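Here's the structure, in structure tokens; my notes come after.
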Amino acid sequence: MSQRYYEDTNVDDELEPLERTPTTDMAIDFFGRDNPTNPAFSDIEAGKRLGVGGALVPGLLKLSWLTQYVSDWAGTEGHVRNLRAAYRRPDIADRPLVLTGRVVDKRVEDGKNVVELEVVTIAEGQPSTRANVQVELPSRG
Amino acid sequence: MSEPEQSLITDAHRAMVGVKSEPVKVTISEADAHRMRDVLGDKDPRYADGAGFAPAYIIAGMGGGPRRGMPQVLPGGLLTQQEWKFVRPFKVGEELTAVSQVFDIRERMGGRYGYSVLITQGTEYFDAGGNHVASAMITITQFDPKSQRKGDE
């Protein structure tokens, strides 16, 4: 994990795409096997009854991946301070997701270096989750 | 279910908007942080065992979260929007107080799910000193799966 600095970050910089494949086990383990979750996260038939065509990937799992993705991009001195996500299409377990993103704004706000990114999960070529993320980055020197 | 002749949002549902829940205590657990990091494959040294901090996404598994007390108008529901705000990192072992409230209930005609009801609910988390630490807001689209448009499965 390398450190990213405000001065080296530019609007339209792109994040390296990252592939993740969510599974039903991940969906259950993420929240803990003893904790109740939506049956559609692990049961294909329950997902179909909900109309999503298979076991549903939890939105919270996708947003957590996006949080980690941006946090890793920012480096250990960066700080994710806000995420706002729209879930555009349900995702189905065992189908790969590609995480991508780009910088859409940078500014100094109340003395903090704020960088805004747009990040998405892409399934079968179509965005399924789109999020705007604000990150604080350190300055060089 | 076809579109109802009148709104399914009742006065009782509307009366829930803006009412704050009873506070709930939530502890940031090392075990939860460890398990969630393992699932995501997160190697960030800031959140390693013993480092004292939990990754921001631990908010996804916190008890007392936004769905607590959410009105159920229709049987199916999908998370359609979400927002997380973090004022500072979560400390492992700290106890937070969660307070939730419904911000908005509205309905939508037509669209992928037919008649649907959108409920926005949020939770604020405070530390022992009463300082705001984080917040989570969600919008759930409730619908009747039987009325979903064909071809969308």
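The values are calculated or read from the model by the stated rules, or taken from the named source; none is laboratory data. Predicted model only: the values in this text are computed from it and were never measured. All Cβ positions, glycine included, derive from the backbone under ideal geometry; neighbour counts span all protein chains shown. Surface areas here come from the heavy atoms of the whole protein model, side chains and all, with no ligands, DNA or RNA. Shrake-Rupley method; radii C 1.70, N 1.55, O 1.52, S 1.80 Å.
Overview of values
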item: Those residues of the range B:19-52 which are within 22 Å of A:LEU83 (Cα to Cα), over 22 Å from the mean Cα position of the chain (by Cα) and more than 9 Å from every other protein chain (Cβ to nearest Cβ), in sequence order; result: B:TYR47
item: Residue match in the range A:99-112 (condition: of a type in the set (Val, Ile, Thr), surrounded by 22 or more Cβ atoms within 10 Å (Cβ to Cβ) and either away from chain B (no Cβ under 12 Å) or not in a helix (DSSP H, G or I) (or both)); result: no
item: Members of the range A:42-54 found to be more than 23 Å from the chain's Cα centre (by Cα) and open to solvent by 10 Å² or more (accessible area, probe 1.4 Å), listed by number; result: A:ASP43, A:ILE44, A:GLU45, A:ALA46, A:LYS48, A:ARG49, A:LEU50
item: Any hit, the range B:117-130, residues being within 30 Å of A:GLY53 (Cα to Cα), more than 13 Å from the chain's Cα centre (by Cα) and more than 14 Å from chain A (Cβ to nearest Cβ); result: yes
item: A:ASN82 vs. criteria closer than 25 Å to B:ALA136 by Cα and of a type outside the set (Gly, Ala, Ser); result: yes
item: Restricting the range A:72-85 to residues that are open to solvent by 40 Å² or more (accessible area, probe 1.4 Å) and either more than 12 Å from every other protein chain (Cβ to nearest Cβ) or part of a strand (DSSP E or B) (or both), the residue that is nearest to A:GLN134 (Cα to Cα); result: A:ARG81
item: Restricting the range B:11-35 to residues that are part of a loop (DSSP other than H, G, I, E, B) and open to solvent by 60 Å² or more (accessible area, probe 1.4 Å), the residue that is farthest from B:TYR115 (Cα to Cα); result: B:PRO23
item: The range A:6-41, subset assigned to a loop (DSSP other than H, G, I, E, B) and either free of Cβ contacts under 8 Å to residues at least 24 places away in the same chain or touching a Gly at 6+ places or on another chain (Cβ under 6 Å) (or both), residue surrounded by the most Cβ atoms within 10 Å (Cβ to Cβ); result: A:ASN38
item: The range A:51-97: number of residues that are in contact with a Lys or Arg (Cβ under 8 Å, 6 or more places away or on another chain) and under 14 Å from A:LEU18 (Cα atoms); result: 4
item: Filtered residue count, the range A:55-71, keeping only those that are over 8 Å from the mean Cα position of the chain (by Cα) and either at positive phi or at the interface with chain B (Cβ under 7 Å from one of its Cβ atoms) (or both); result: 3
